[in-house]
1. Six or more apart or on different chains, Cβ atoms under 7 Å: show the pairs whose first residue is in segment 81-94 and more than 22 Å from LYS2 (Cβ to Cβ) and whose second is open to solvent by 40 Å² or more (accessible area, probe 1.4 Å) and in a loop (DSSP other than H, G, I, E, B).
2. I'd like the full set of residues that are surrounded by fewer than 13 Cβ atoms within 10 Å (Cβ to Cβ), of a type in the set (Asp, Glu) and touching a strand residue (DSSP E or B) at 6+ places or on another chain (Cβ under 8 Å), limited to segment 143-181.
3. Restricting to segment 186-198, name every residue that is part of a strand (DSSP E or B) and either open to solvent by less than 20 Å² (accessible area, probe 1.4 Å) or within 16 Å of LYS156 (Cβ to Cβ) (or both).
4. List every residue pair whose Cβ atoms sit under 6 Å apart, with the two residues 6 or more apart in sequence or on different chains, where the first one lies in segment 102-116 and is more than 11 Å from LYS88 (Cβ to Cβ) and the second, anywhere, is open to solvent by 40 Å² or more (accessible area, probe 1.4 Å) and of a type in the set (Lys, Arg).
5. Condition test on ALA92, is it at pLDDT 95 or above and of a type in the set (Gly, Ala, Ser)?
6. Within segment 131-141, track down each residue that is surrounded by fewer than 19 Cβ atoms within 10 Å (Cβ to Cβ) and modelled with pLDDT of 80 or more.
Amino acid sequence: MKSVLLIGIGRFGQLVGEKLLNMGVEVMIVDKDEDVINALAPKYSNALVANCMNIENLKAMDIPSFDACVVAISDDFQSSLEITSILKDLGAKYVVSRADTDIQRKFLFRVGADEVVYPNRDTAEKLAVKLHSKNVYDYIEIDAEYSIFEIAVPPKWNGKTLVEANPRGRFGLNILLIKKGKNIVPSPGPNYVFEDGDHMLVFGSTEKIFSFTNKRVK
């Protein structure tokens, strides 16, 4: 099971947390507002009232043990900036930070953020999907059951043709197109040969695609 540290439980943080919980991700929420944490604690496996500007508080959370850390602070950019930097210094594997402007985005990248997102419901959904599933680059929900994902081609498929890999028969994936850097191969034929760095735009059952992205594919 993947684990995520979520710092800052405002509206955006709550959206991200709810999406992650629904996907079965283990989430630890942290906020300096005791009322917020007390209200949400029953939903989460771990909930902590703490000021994350204090490096000792962050050290006590065993930052390297989390698969990802999300800094979703909404009302104090200076805190967001410093916490992002401290998390990387403490060995965070992957840090996603919230920005409200392009200038904030630039500064967050400079202090070590691996990814910077802008706060809205659509972003919260996509961020949760990316944190839940390795190698997911984009996501569009069609309805409650089906979605379109942009995902990396498994390394073990490199050098194989589409018919040899058989993504539809084995995994229920319908490949709409292949992205090769800036180039696109629409509706690839059965003899298309996968190459290192290829991305697939696939349509199918959301549950099946999640299963595909979280297993070792042969």
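1. Going by the 7 Å Cβ cut-off, the qualifying pairs are LEU81/VAL111; GLU82/MET53; SER85/VAL111.
2. The answer is GLU145, and nothing else.
3. Residue satisfying the conditions is VAL193 alone.
4. Between residues of segment 102-116 that are more than 11 Å from LYS88 (Cβ to Cβ) and residues that are open to solvent by 40 Å² or more (accessible area, probe 1.4 Å) and of a type in the set (Lys, Arg), the close pairs are VAL116/ARG105.
5. Details: at pLDDT 95 or above: yes; of a type in the set (Gly, Ala, Ser): yes.
Against the criterion (at pLDDT 95 or above and of a type in the set (Gly, Ala, Ser)), ALA92 qualifies.
6. Answer for segment 131-141, where residues must be surrounded by fewer than 19 Cβ atoms within 10 Å (Cβ to Cβ) and modelled with pLDDT of 80 or more: TYR137, ASP138, ILE140.
The values are calculated or read from the model by the stated rules, or taken from the named source; none is laboratory data. This structure is a prediction, so every number in the text was calculated from the model and none was measured. Virtual Cβ from ideal backbone geometry, glycine too; neighbours counted across all protein chains shown. For accessibility, only protein heavy atoms count, side chains too; no ligands or nucleic acids. Shrake-Rupley method; radii C 1.70, N 1.55, O 1.52, S 1.80 Å.
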